[in-house]
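These notes are about the structure you will find just below.
The values are calculated or read from the model by the stated rules, or taken from the named source; none is laboratory data. Note that the structure is predicted; figures quoted are calculated from it, not measured. Neighbour counts run over all protein chains shown; Cβ positions are idealised from the backbone, glycine included.
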Amino acid sequence: MLLFRSILYFVGSIISLILISFISLFLVFTSYHTRQKFISQWAIFCIWWLKITVNIKTKVIGRENILYSPCIIISNHQSTWETLAFQTIFPPHTWVLKRELLWLPVFGWSLALLNPIIINRGDKLNAIKKVIRQGSDRLKKGISIVIYPEGTRQPYKQLGAYQNGGSAIAKKTGHSIVPVYHNAGKLWAKGSFIKKPGEITVVIGKAISNSDLKPSEVTERIRHWTLEQENKFN
């Protein structure tokens, strides 16, 4: 039954992805906010369709901590789920993406319309510099950024090392950081096609304003907070 439900979700998500990605190409000359509002409808549909087909629900704790001014959202990374669900929770934002995603026909082209920060994972030093430089540019343009400091998805209940890119952007620009924790890997595991029914918890922490702390100290503070949430909700 779970296999059938997962297939049903996959088929619906792919059909809707093709339609929205193709239509979005005609929005190339519109504003970022117009493109973002339209393209994000795919994520909104997927989260709704996930609830219908697999019965995965979302519980959000700390909605009052959401900032509606440009900020850096720093979250752990366990699944594909959060890249979709965050578009239904937070104001318009963009992401740090590996460059290979833009090579995908139609889908990659529509991603490019959302002004992502594109990095080459094989060149870590330049990747960090690019994240800081382009992240600062996106914030100046009024676009929030979602950063997964682990760099890649981690197995459920395993928190990877946090990189300092998000904290460095905050230090350079003076923008606030919003820490986020979720346990999506419990139901939609890394690399798994099968999805399990249940409730995913998202915890939004209080914003961290610019301080005298070094970026590495801010990063460690965020990671420690994330571990605390992990112990509560796993």
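To keep it simple, each residue is scored yes or no on (1) within 20 Å of LYS59 (Cβ to Cβ); (2) crowded, with 18+ Cβ neighbours inside 10 Å.
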residue	(1), (2)
PHE86	yes, yes
ARG99	no, no
PRO105	no, no
LEU114	no, yes
Which count do you get for residues in segment 181-215 that are in a loop (DSSP other than H, G, I, E, B), under 15 Å from SER79 (Cα atoms) and polar (S, T, N, Q)? 2
Would you mind finding the one in GLY122, GLY135, GLY151 that is in a loop (DSSP other than H, G, I, E, B), modelled with pLDDT under 95 and more than 21 Å from GLN78 (Cβ to Cβ)? GLY122
Only listed residue being surrounded by fewer than 18 Cβ atoms within 10 Å (Cβ to Cβ), in a loop (DSSP other than H, G, I, E, B) and touching a residue at least 60 places away in the same chain (Cβ under 8 Å), chosen from LEU67, LEU3: LEU67
Here's a check for you: in segment 6-20, which residue that is more than 17 Å from TRP188 (Cβ to Cβ) and touching a residue at least 12 places away in the same chain (Cβ under 8 Å) is surrounded by the fewest Cβ atoms within 10 Å (Cβ to Cβ)? ILE18
Just for segment 84-101: of the residues that are aliphatic (A, V, I, L, M) and either part of a strand (DSSP E or B) or within 18 Å of ARG133 (Cβ to Cβ) (or both), which one is modelled with the highest pLDDT? VAL96
Among the numbered criteria (1) buried (at least 17 other Cβ atoms within 10 Å of the Cβ); (2) within 23 Å of TRP188 (Cα to Cα); (3) at pLDDT below 90, which one does GLN78 miss? (3)
Residues (of a type outside the set (A, V, I, L, M, F, W, C) and not in a loop (DSSP other than H, G, I, E, B)) located in segment 37-64: LYS37, SER40, GLN41, LYS51, THR53, LYS57, THR58, LYS59, ARG63, GLU64
Quick check on ILE117: is it over 25 Å from GLU64 (Cβ atoms), touching a Ser or Thr at 6+ places or on another chain (Cβ under 9 Å), of a type in the set (Val, Ile, Thr) and free of Cβ contacts under 8 Å to residues at least 60 places away in the same chain? yes
Looking at LYS190, LYS196, LYS172, LYS140, can you tell me which residue is surrounded by fewer than 19 Cβ atoms within 10 Å (Cβ to Cβ), in contact with a Gly (Cβ under 9 Å, 6 or more places away or on another chain) and in contact (Cβ under 8 Å) with a residue 24 or more places away in the chain? LYS172
Which residues, counting only those in segment 154-180, are in a loop (DSSP other than H, G, I, E, B) and either under 23 Å from PRO91 (Cβ atoms) or among the polar types (S, T, N, Q) (or both)? GLN154, GLN158, GLN163, ASN164, GLY174, HIS175, SER176
Of the listed residues (ILE72, ILE39, ILE44), the one being hydrophobic (A, V, I, L, M, F, W, C) and within 19 Å of THR226 (Cβ to Cβ) is ILE72
Based on this model, can you work out whether ALA207 counts as at pLDDT 95 or above, among the hydrophobic types (A, V, I, L, M, F, W, C), surrounded by fewer than 23 Cβ atoms within 10 Å (Cβ to Cβ) and within 25 Å of LYS130 (Cα to Cα)? yes
Taking segment 138-148 as the search range and keeping residues that are assigned to a strand (DSSP E or B) and not polar (S, T, N, Q), which one is farthest from GLU82 (Cα to Cα)? ILE145
